[in-house]
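Read the structure below first, then the notes.
The values are calculated or read from the model by the stated rules, or taken from the named source; none is laboratory data. Keep in mind it's a predicted model, so treat the numbers as computed, not measured. FYI the Cβ positions are ideal-geometry reconstructions off the backbone, even for glycines, and counts take in every protein chain you see. For the accessible areas, the whole protein counts, side chains as well, though only heavy atoms, and no ligand, DNA or RNA atoms are used. Shrake-Rupley method; radii C 1.70, N 1.55, O 1.52, S 1.80 Å.
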Amino acid sequence: NKVYVLLGNQLRPFTSEDSFLGNGYKWEWVEDVSSEVISKYSKADEIKSSNEQPKFKVLKYESSPEVYVIKEDSSGKQYQEYVKSLEDLKKLEYRSDRIVTLPKSKAPTQRFYADPDNDGYGTPGDYIIADQYDNPPAEYIRWITGRDNDNCPNISNPAQRDSNGDGMGDACDT
């Protein structure tokens, strides 16, 4: 018998107990399924290492409520996309009872905010984290204190003016 994890409609088998437990999975999550269920999914590469972070894995870090999904950019570099709510996680067809918790020491240190209007201010709650980027992907900006709270995320508003104090930038009030 093999133990698989279903990630993005692909089954990935674990090669050892160490690769299973080392990736933060728990034995109580294992479910017996028929060969008919297994045959519905394509099989992907084996998970051999306890340090592997496979694409589509859902995770969080100790002492933090923030949840992430591992994704890849067009060049194959992995990043962790922040999931704004458990409801959003369900919409993405992930199970909220299968979130891997990793030690805080494994958390990436760089945060990049989405900047769809290219004004240099990141959209609150829309970010990725990743250590391997020297420069963030084009649609993201490196986290800078005070620049992670764009008050008008979809319209360029470099001055971030909010004349009426409603929390929405002047560019969005028009």
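Near Asp119, the amide H atoms lying under 5 Å from its own belong to Asn157; only residues 5 or more places off or on other chains count, and H is placed 1.01 Å from N.
Amide H to amide H, with H built 1.01 Å from N, Leu102 comes under 5 Å of Lys60, Tyr61, Glu62, counting only residues 5 or more places away or on other chains.
Efficiency by 1/(1 + (r/R0)^6): what FRET value for Asn51 and Lys91, r their Cβ-Cβ distance, R0 = 30 Å, to the nearest 0.05? Intermediate results must be reported in sequence, preceding the final value.
Details: r = 30 Å, r/R0 = 0.99.
FRET efficiency, Asn51 to Lys91: 0.50.
Please report the carbon-and-sulfur percent of the accessible area for region 6-108; probe 1.4 Å, protein heavy atoms only, DNA, RNA and ligands left out. Intermediate results must be reported in sequence, preceding the final value.
On the way: 2890 of 6370 Å².
Ligands and nucleic acids excluded, carbon and sulfur reach 45 percent.
At an R0 of 45 angstrom, the distance between the Cβ atoms of Ser34 and Glu72 translates into a FRET efficiency of 0.90. Close amide H partners of Arg161, meaning residues 5 or more places away or on another chain with modelled amide H under 5 Å apart, are Asp170.
So for region 18-64, what percent of the C-alpha to C-alpha distances run longer than 13 Å? Walk me through the numbers before you get to the answer.
Numbers: 747 of 1081 pairs.
Percentage above 13 Å: 69.
Backbone geometry of region 160-165 corresponds, through the Karplus equation with coefficients 6.51, -1.76 and 1.60 at θ = phi - 60°, to 3J(HN,Hα) couplings of 6, 6, 9, 4, 8, x Hz, x marking Gly and Pro.
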